[in-house]
Amino acid sequence: MLVIGAGQAGLSASYFLRHYGVEHVVLDGNAGPGGAWRHRWPSLRLGKVHGIHDLPDMPLGKPDGSLPASEVVSAYFERFERENALPVQRPVRVTSVRENGDGRLLVVTDKGEWVARAVINATGTWDRPFWPHYPGQGTFRGRQLHTAGYRGPEEFAGKRVVVVGGGASATQALAEISLVAAETTWVTRRPPVWREGPFKEQDGRAAVALVDERVRAGLPPISVVGVTGLGVTPDVADARARGVMERLPMFDRVVPDGVAWDDGRHVEADVILWATGFRAALDHLAPLHLRAPGGGITMDGTRVVPDPRVHLIGYGPSASTVGATRAGRAAAREVRDLLARRAVSAA
């Protein structure tokens, strides 16, 4: 069988598959370990992230919080792969998963084809940044970028920057850009909901439950972080005290020199940073026709209801470090049981 993706969810699944004695291969599209973390901007220090849940039986410990999160987490994942001898092959990019004609799945990649009795998909969201469309977007004379391409605040020194989005990446980027930019403007579709105080385990469970309810109904998942509210980190608290986090409602259109509202308001800008999140990277599963009428994929735990050979982790309720390890274990256990039942029926 195959695991697609070697982020936290994929590595957890591989670890438990090995524990259960299930032969498998992990295909990862990245050049090295770390999953999406290896692409985080260098100025995102470990001490600024909301938290990283431990991989199975290997605590991250308490590394220096001033180090880049991308470096620390990538090294942690690399150590986990090495010490557990996980069968990761990279870089291998999966282009499609389709029926093989014999009850198995054909997995097509840029490095050849695999045939699998089951697939655990752990491709996450990083490869699908979401860019909303607004009138006039193509007329803007300045620079537009998504947080997927954000590398730090230095390149915005002296610029007028509009940050679009109401998530944690928006507030993190806004807080540090505001220290060097000539002017910053923050716009969101809805007023921000701030979460004061520590994020407790029961808060995480409640948020995951809400997302799980949607995917069981075949609806597109919402962000776990979006349910929990925005955490007030020291950087964000400082930015709020400086008046940086005064949010404006979403503009109605983009104009050549900035953004504008129908009420006559206009903000000039050199840069628009779209901190508008990501969507699940599932295009390679399209040949299996898994989508429900509601636009999502109907799930029961990690199992895709229309096709029990396919499990999704790092999707919906497990699209966070809180749920990724647990989902990897659950998917591995269900795949083990599925393969055992098929072996008995074939005997």
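Counting Lys +1, Arg +1, Asp -1, Glu -1, what net charge surrounds residue 73 among other residues with beta carbon under 10 Å of its beta carbon?
Details: positive: 38, 40; negative: 71, 78.
Neighbour charge sum, excluding residue 73 itself: 0.
If region 100-142 were replaced by its equivalent ellipsoid, with semi-axes equal to the square roots of 5 times the Cα gyration tensor eigenvalues, what would those be, largest first, whole Å?
Values: eigenvalues 309, 27, 22 Å².
Ellipsoid semi-axes (Å, largest first): 39, 12, 11.
Based on the mean of other Cβ atoms within 10 Å per residue, sort peptides 185-192, 57-64 so the most packed one is first.
Working: 185-192: 15.9, 57-64: 11.0.
Packing proxy ranking, top to bottom: 185-192, 57-64.
Apply the Karplus curve 6.51 cos²θ - 1.76 cosθ + 1.60, θ = phi - 60°, to the phi angles in region 239-248 and return the couplings in whole Hz, x for Gly and Pro.
Per-residue couplings from phi come out as 5, 5, 5, 7, x, 6, 8, 7, 8, 9 Hz.
When the chain is modelled as a GNM with alpha-carbon springs shorter than 10 Å, which of 20, 150, 76 fluctuates the most?
Sorting by GNM fluctuation, first place goes to 20.
Report the Stokes-Einstein translational diffusion coefficient (µm² s⁻¹, integer) for the chain, Rh taken as the Kirkwood radius over Cα pairs, at 4 °C with viscosity 1.567 mPa s.
60 µm²/s
Enumerate the calculated ³J(HN,Hα) couplings along region 100-107 in order (Karplus 6.51 cos²θ - 1.76 cosθ + 1.60, θ = phi - 60°), each rounded to whole Hz, writing x wherever the residue is Gly or Pro.
Taking θ as phi minus 60°, the curve returns 9, x, 10, x, 9, 10, 9, 10 Hz for region 100-107.
Restricting things to alpha carbons, tell me how big region 3-109 is in terms of Rg and Dmax, in Å.
15.4, 53
Taking the number of other C-beta atoms within 10 Å as the exposure measure, put 110, 263, 127 in order starting with the fewest. Display every interim value, and only then the final one.
Numbers: 110 10, 263 7, 127 18.
Taking fewest neighbouring Cβ atoms as first place, the list is 263, 110, 127.
None of the figures in this text is laboratory data; all of them are computed from the coordinates on show. These figures come from a predicted structure and were not determined experimentally. Ideal geometry is used to build each Cβ from the backbone, glycine not excepted, and the neighbour counts take in all protein chains shown.
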